[in-house]
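Just below is one structure, and these are the notes that go with it.
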Amino acid sequence: METTTIEVRTGSDEVVVDLTRSVAGFVAECGGDGLLHVFVPHATAGLAVLETGSGSDDDLLAALRDLLPVDDRWRHAHGSRGHGRSHVMPALIPPYCTVPVVDGSLALGTWHSICLVDLNVDNPVREVRLSLLRG
């Protein structure tokens, strides 16, 4: 198995960060076929495969704001206002995804991107682990 980590700066805003270029570079270096597992080892971030650039990333953040409001309802209440919702989000947007790799390339759909979803404005830097299990 080939593995590496990448550092992602998310800043102090809710964000969807497209990781596809970095991830594609890793699988190209590895070459061959297999399964790529992408994992974010944080309790308040997740990974999504979706179309970006057409507004879908903003729509996802808006939907998460509707589902998980920034208010004082959350029992997990340290950090910034509404921080507890960031701990609930990985139940909806999991901290992992798996993508087939064929001949050193991600076998994503035409409009797919691998994205880090981060609602936690208190943690501006994330680590993402990439693990390629060769087939």
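None of the figures in this text is laboratory data; all of them are computed from the coordinates on show. These figures come from a predicted structure and were not determined experimentally. Don't worry about glycine lacking a Cβ; one is built from the backbone with ideal geometry, like all the others, and counts go over all protein chains shown.
In region 96-135, the qualifying residues are those that are out of contact with any Ser or Thr (no Cβ under 8 Å at 6 or more places or on another chain) and of a type in the set (A, V, I, L, M), and the one that is nearest to Thr10 (Cα to Cα) is Val117. Inspection of region 119-126 identifies no residue that is more than 29 Å from Thr4 (Cβ to Cβ) and surrounded by 14 or more Cβ atoms within 10 Å (Cβ to Cβ). Listed here are the helices (runs of 4 or more DSSP H) enclosed by region 1-111 that have at least 1 residues being touching a Cys at 6+ places or on another chain (Cβ under 8 Å), crowded, with 19+ Cβ neighbours inside 10 Å and free of Cβ contacts under 8 Å to residues at least 60 places away in the same chain: 56-67. Every residue in region 12-50 that is among the charged types (D, E, K, R) and farther than 15 Å from Cys97 by Cα, please. Matches in region 12-50: Asp13, Glu14, Arg21, Glu29, Asp33.
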